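The values are calculated or read from the model by the stated rules, or taken from the named source; none is laboratory data. From a predicted model like this one, the values you see are computed outputs, not experimental measurements. Ideal geometry is used to build each Cβ from the backbone, glycine not excepted, and the neighbour counts take in all protein chains shown.
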Amino acid sequence: MVDLPALALFGIAALALTMTPGPDMLLIASRSASQGRAAGFATLAGIQAGTYCHALAAAFGLSQLFLIVPHAYDAVRYAGAAYLLYLAWKTVRSGGATIAPEAGGSRYPVGTMFRQGLLTNLLNPKMALFVLALFPQFVQPEAGSVALQILVLATVLNAIGLVVNGAVILGASRLGRIFSGRGRLRRLPQYFLGAVFAGLAARLAFDSRS
């Protein structure tokens with residue numbers, strides 16, 4: 001098991017990383033503003049499930065495939081970019097999907113939000129490389145199962161992410177309720193979500209590994 005000093009140091013690093021605005025936080029915030037807090041938490045749950053998948057891949061050495069086979073990395077990131085573009089198109093085209101949280105929730109089931117968050121995370125090879133680069137620094141092979149230690153670290157990262165992103169979700173969903181009753185502005189969060197998907201697609205397609 002990871003010892004407490006290493007776990008505390010990892011927790012500090014995880015808090016700093018989680019509080020730094022990034023693609024995941026932007027996606028969760030825009031989803032919450034456009035479709036309510038239930039959608040935001042479902043998206044966050046999918047992203048965090050993806051983190052566990054990447055952690056397991058790192059534990060069993062599968063993430064190293066992206067380092068050994070560059071074409072595998074490119075194939076996954078282009079698939080992820082295509083999926084995000086599809087979500088952007090679907091979000092903008094769904095004219096009746098703007099959510100007024102007080103009117104009773106989302107047009108799309110929570111399970112769909114979860115799957116979209118999960119796939120968005122899994123199809124981001126940079127997340128796999130991030131886990132592969134960070135987690136082993138806090139793993140002590142002599143302390144027991146490496147896979148178990150990595151899953152513990154993933155749980156710490158997700159717990160901190162739940163607190164930080166939970167606050168983002170609550171704030172963004174409240175902002176979305178303000179826009180939902182303002183006529184022409186009520187679809188603004190929906191368009192913003194579509195723009196976020198498109199921006200993430202471009203970032204994933206054109207960014208290098210560095």
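Annotation: S145 fulfils all but one of (1) surrounded by fewer than 19 Cβ atoms within 10 Å (Cβ to Cβ); (2) modelled with pLDDT of 85 or more; (3) among the hydroxyl-bearing types (S, T, Y); the unmet one is (2). Within segment 1-14, residues that are modelled with pLDDT of 80 or more have Cβ atoms under 9 Å from residues that are in a loop (DSSP other than H, G, I, E, B) in these pairs: A6/V139; A6/Q140; L7/M1; F10/V2, counting only partners at least 6 apart in sequence or on another chain. Of the residues making up segment 134-146, those that are touching a helix residue (DSSP H, G or I) at 6+ places or on another chain (Cβ under 9 Å) and assigned to a helix (DSSP H, G or I) number 8.
Exactly one residue out of A79, A55, A59 is closer than 13 Å to N121 by Cα and buried (at least 21 other Cβ atoms within 10 Å of the Cβ), and it is A55.
Which one of these is of a type in the set (K, R), at pLDDT below 85 and either part of a helix (DSSP H, G or I) or surrounded by 17 or more Cβ atoms within 10 Å (Cβ to Cβ) (or both): R115, R177? Full working, then the answer.
On the way: R115 fails: at pLDDT below 85.
Result of the check over R115, R177: R177.
The condition (being among the β-branched types (V, I, T) and under 30 Å from P141 (Cα atoms)) is satisfied by just one residue among I28, I47: I47. State whether one or more residues within segment 18-31 are out of contact with any helix residue (DSSP H, G or I) (no Cβ under 6 Å at 6 or more places or on another chain), among the small types (G, A, S), under 17 Å from G161 (Cβ atoms) and free of Cβ contacts under 8 Å to residues at least 12 places away in the same chain. Yes, because at least one residue in segment 18-31 is out of contact with any helix residue (DSSP H, G or I) (no Cβ under 6 Å at 6 or more places or on another chain), among the small types (G, A, S), under 17 Å from G161 (Cβ atoms) and free of Cβ contacts under 8 Å to residues at least 12 places away in the same chain.
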